[in-house]
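Read-outs: derived from the displayed coordinates by stated rules, not from any lab. Just so it is clear, the model here is predicted, and its values are computed rather than measured. Cβ placement follows ideal geometry from the backbone for every residue including glycine, while neighbour counts extend to all protein chains displayed.
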Amino acid sequence: MSLNLLTEEQNEALQEIANIGMGRAGRSIAGVFDEFVELSVPRVREAGLDRLPAAVADLIPDETLTAVRQGFFGRVRGEAIVVFGITGCRDLAGLMGYGSALEDCEEDELLLDVSNVIVSACLGGIAEQLNADVCFSAPSVLASHVPPAGLFDRTSAAPADTGALIVEVNFRLERHSFACSLLMMLPADSMGAIRRALDDFLANF
């Protein structure tokens, strides 16, 4: 289902704003890993709930995925979901000096920490550019090592008119790389707030 969540101009504006937010996330990640971080320009896509599994599978071809969820509240409210493929999980574990036999609790703690940095920096940067205060709940693991379709079984309670803005995130460090996808799950009223904020941003650009 195509929701036409944003106009082309709004999408381009959000992509620029997300780029600023990801720059912040990159600096935060660099501090965590003590390595210089290169960022690709983030791409913003949109999808309805029924298209999320296919959209995420297109971005992360791994057969199993792990995801962390984190709510955000304010003028714009919704839920951020950071999705890692199994390759990304292993790469992160290697970056943090864990061995190949990573315990589940260690993996969860690692992904929670990294996801919190990404969500806080990226969404915080977006909110600041849009003059929209936002606060965050504590992150929690949504699902571990499930296929793409199984991941979104956990979001089945979301309203039918919920849309998702998918921000493709790729980090490359001096000696390592990892990738993940950031999904912003937004109910219809929050999409309206996003559109109005983007229109205000464009009017003053």
Quick calc, residue 135 & residue 199: beta-carbon distance into FRET formula, R0 30 Å, rounding 0.05, result 0.80
Computed over the chain, the relative contact order (Cα-Cα under 8 Å, seq sep at least six) in percent reads 34 percent
Residues meeting the amide H criterion for residue 75 (H placed from the backbone, H to H distance under 5 Å, 5 or more places apart or on another chain) are 133
Residue by residue through segment 132-139, the couplings from Karplus 6.51 cos²θ - 1.76 cosθ + 1.60 with θ = phi - 60°, in Hz, x for Gly and Pro, are 10, 5, 9, 10, 10, 7, 5, x
In whole Hz, the Karplus estimates of ³J(HN,Hα) for segment 76-88 (6.51, -1.76, 1.60; θ = phi - 60°; x where Gly or Pro) are 10, 10, x, 9, 9, 10, 9, 10, 10, x, 4, 5, x
Reviewing (1) 14.6; (2) 10.6; (3) 15.7, the figure for mean projected area of the Cα convex hull in nm² actually calculated from this model sits under (2)
Each label sits 7 Å from Cα toward the beta-carbon; between residue 103 and residue 75 the label points are separated, in nm, by 4.5 nm
Which residues qualify? For residue 38, with a placed amide H closer than 5 Å and at least 5 residues away or on another chain, they are 172, 173
For the chain, percent of DSSP beta bridges that are antiparallel (nearest 5) comes out at 100 percent
Amide H contacts under 5 Å for residue 43, restricted to residues at least 5 apart in sequence or on another chain and with H modeled in the peptide plane, are 168
